[in-house]
Every structure is written in C-alpha cells, then in structure tokens.
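The values are calculated or read from the model by the stated rules, or taken from the named source; none is laboratory data. This is a predicted model, so every value here is computed, not measured. Positions of Cβ are backbone-derived with ideal geometry, glycine not excepted, and every protein chain shown enters the neighbour counts. Heads up: the accessible areas ignore ligands, DNA and RNA and are worked out on the full protein's heavy atoms, side chains in. Shrake-Rupley method; radii C 1.70, N 1.55, O 1.52, S 1.80 Å.
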Amino acid sequence: MVGAVGGVAALGALGACGSGRESGASAAPGTAARPSGQADRVPAPRPLYLGTYTSVPGGGTGIGLAVYDPATGRITGRDTLTGVADPSYLALHPDGRTLYAVDERDDGAVTAVRLADRRVLGSRGTGGAAPCHLSVHPSGRWLLSANYGSGSVAVHPIGASGALGERADLVTHTRPAPGPGQEGPHAHQVVTSPDGGHVLAVDLGTDTVYSYRLDPRTGKLTEVAQARTRPGTGPRHLTFHPGGRHAYLVGEVGNSVTVCGYDPASGRLTVGAPQSTGADSGTNYPAQCVVTADGRYVFLANRGHNSLARYAVEADGARLRLLGTVPVSGDFPRQIALSPDGRLLFAANQKSGTVSVFHVDGRTGDLRLAGEPFPSPVAVCALPL
C-alpha cells in the first residue's frame with residue numbers, strides 16, 4: 001500500500017473502494033436500448049460517495065456526497081457526511097440502504113451509515129491496524145474487512161437495521177513468511193467468490209491469496225486453500241470474471257496483472273503468469289481492476305504511469321489481451337469503479353485530489369474522458385450508485 005496513514009507505514013495503498021458490484025449492471029454497457037417513448041427522457045442524477053483521509057494535510061472532513069449525471073458523467077455537489085475518520089474505502093449493502101466505511105487508523109474500525117437520513121449507526125473495532133478494504137457478504141448478514149497494518153481479516157454481523165454487531169471472527173495471516181522487502185503480512189482486500197461459497201483475502205505482504213469458508217451461522221472463517229504468487233508480486237486486488245471460473249489479480253509491487261483459474265468447489269485459486277500493465281517504463285504501482293458486466297473488457301488503474309490500461313477478455317475469461325492505455329487525467333489513480341449501468345468509469349486520483357470520469361464504449365472497450373475531473377480532497381475512493 002503506497003503511503004503512510006494514521007501512523008501505519010504502508011507500501012502502496014484500498015485498498016480500492018467498491019460496492020461489491022464492480023462489474024456494473026447485468027446488461028452489456030453501451031448496448032441497452034431505451035424503452036419505447038422514452039427517447040427524450042433525461043436520466044435523473046445518481047448518488048456518488050467519495051472516500052478520503054481526514055488525518056492528512058489537505059484531506060477531507062468525512063465522506064464526500066455528490067451526484068453524477070448518468071448520461072454526461074458530470075459530477076456536481078460538495079456536501080460532506082462527517083463523523084467518520086479516514087473513510088478510505090466504501091461499500092454498499094446489497095439492499096442499498098446502508099453504506100459502510102473503513103476507519104483506516106492504527107486502531108482500526110468499520111462504520112455503518114443509514115443512507116435514508118445519513119445517520120451514522122455506529123462503529124466497531126476491526127481488531128487490527130489500518131483497515132483498507134471492506135465488502136458485504138452476498139447474504140447481507142456479514143461485513144468483511146481487511147486490516148492492512150496487521151495482516152488480518154475481520155468479520156462483523158450486520159443487523160436488520162444495517163448496524164454492525166461485535167466482531168464475530170478475526171484471522172491473522174501467519175504463514176507463509178513475508179515476501180521480499182516486507183516486514184509482515186498486509187491484508188489488502190477481502191471479497192466473496194461469485195457463487196458465494198468462499199471468502200478470499202489478498203495479502204500483499206505474504207504474496208498469497210487465502211481462501212476461507214464462512215460459517216453462515218457464526219461468521220467464523222476456516223482456511224481451505226492458499227494460492228502463492230511469485231515472490232515480490234505484492235498482490236493487492238482480485239476481481240472475478242462474471243463466469244466465476246477466472247479472476248484477475250493485480251500485483252502492486254511487481255507491476256503486473258495475472259489471470260487466475262478458480263475452482264468453486266474447493267475455493268482454490270490457480271495463479272497464472274504475470275502480464276504487462278501497459279506501464280513498462282518508470283515506477284508504477286497498479287491499484288485495482290474492474291470487469292465489465294458482460295465479461296468482455298477489463299480496466300486497470302496504474303499509479304505512477306497515471307493511466308488506465310484496457311484489456312480484451314478472451315477464451316471465456318482465461319486470457320487477457322492488452323489493448324493499450326489512456327491517460328487518467330489525474331495523479332495516482334488509487335481506485336476505479338464502474339457505474340451500475342456500466343456506461344461510466346470513475347477514477348479516484350489520490351495525489352491530484354480529483355475524480356476523473358470516462359464514457360465506456362461497450363462494443364470496443366474504448367474510454368473517453370467526460371469533461372474536466374471533479375475536485376475532491378485526497379480522493380481515494382469513488383462509489384457511484
């Protein structure tokens with residue numbers, strides 16, 4: 001995780017922000033037809049939530065509240081939801097009523113916010129340092145979070161109101177030994193497989209992806225498999241192909257992206273050979289990738305190269321073909337996300353304090369900048385609803 005936050009030394013950074021539906025809507029982006037008689041209907045503005053750091057110079061004061069135009073991509077609004085410290089990553093409950101944020105500090109926590117009235121429902125400790133990523137289990141009953149500083153994964157129950165209960169489990173990555181240049185484990189992401197059968201935790205410090213079974217009654221995690229990358233890869237972020245049999249693993253330290261096979265029955269991930277990020281010269285720390293809902297294209301954020309790499313997906317998800325890169329129009333794109341309809345891509349640029357928006361061509365995978373980037377203090381997460 002690149003940078004240092006809340007006194008925790010980090011190698012690179014969200015973890016990226018996401019809603020658990022980064023692949024967008026079920027329709028292929030750019031191909032949906034308008035219903036008869038609605039050709040001239042103007043789409044209503046949609047909510048956009050922005051993550052930041054509140055404890056760094058020039059940072060925000062809480063979760064940024066804005067709206068975007070689904071047709072033009074233009075972002076407006078500058079309100080803030082205060083009362084959440086260092087909300088560097090955001091996730092939405094499947095029912096759409098509750099927003100969750102990490103409190104990326106030495107004494108890590110996760111916070112729930114009811115969206116109807118923007119009321120903070122309370123925070124719970126994660127049992128670790130610098131939580132940088134969180135996601136909601138598809139059942140809607142469990143919140144999963146990754147503690148970067150202490151290399152652990154926490155599980156919290158979610159009540160009927162969306163509020164969080166006391167931590168149900170905490171697992172720390174103690175093996176294998178840390179990779180080259182790492183002083184310990186660094187859990188960077190925790191997600192659920194598309195079939196809901198396994199929870200996978202990506203650890204940058206141990207060069208390993210851990211697969212767990214989650215007990216749906218107790219929230220306890222049981223390790224069932226480990227997938228080790230090449231030493232020095234520094235895996236940061238994993239995104240599944242919609243087919244559920246392949247996933248794409250971003251190597252922050254090794255400047256790579258890797259196609260992985262996935263077995264839903266065992267939860268085992270098979271790591272392939274590293275591929276180019278399109279940033280082959282200079283220093284680059286790839287951050288996050290997203291997959292279009294139809295599974296045809298993958299987009300990758302390159303920090304340092306300050307670009308978005310475009311890939312065509314081939315062989316039902318088993319291959320990636322680099323199409324090229326486009327400038328992100330910002331500095332240090334920490335996180336990217338697709339709008340629910342898949343027509344827009346949002347990039348949160350940490351060092352320039354901006355959010356860039358791109359139109360996504362669903363037929364070609366081309367990205368076209370949608371106007372000037374939107375100013376947002378230390379933008380580390382953009383969550384479009």
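A few comments on the model shown:
- Where a residue in the stretch 225-241 is open to solvent by 30 Å² or more (accessible area, probe 1.4 Å) and its partner, wherever it lies, is not basic (Lys, Arg) and not in a loop (DSSP other than H, G, I, E, B), with Cβ under 7 Å and at least six apart: 226/208; 226/210; 228/208; 230/274
- First in the stretch 82-101 and surrounded by 24 or more Cβ atoms within 10 Å (Cβ to Cβ) and β-branched (Val, Ile, Thr), second anywhere and part of a loop (DSSP other than H, G, I, E, B) and modelled with pLDDT of 95 or more, Cβ under 6 Å, 6 or more apart: 84/62; 98/162
- Only one of the numbered conditions (1) among the small types (Gly, Ala, Ser); (2) open to solvent by less than 10 Å² (accessible area, probe 1.4 Å); (3) within 28 Å of residue 94 (Cα to Cα) is violated by residue 205, and that is (3).
- Some residue of the stretch 207-229 being part of a strand (DSSP E or B), of a type in the set (S, T, N, Q) and over 26 Å from residue 167 (Cα atoms): no
- In the stretch 290-312, residue most open to solvent (accessible area, probe 1.4 Å) [restricted to those that are within 15 Å of residue 279 (Cβ to Cβ) and outside any strand (DSSP E or B)]: 305
- Residues of the stretch 314-337 satisfying the condition of being open to solvent by 10 Å² or more (accessible area, probe 1.4 Å), closer than 20 Å to residue 368 by Cβ and part of a strand (DSSP E or B): 322, 323, 324, 325, 326, 327
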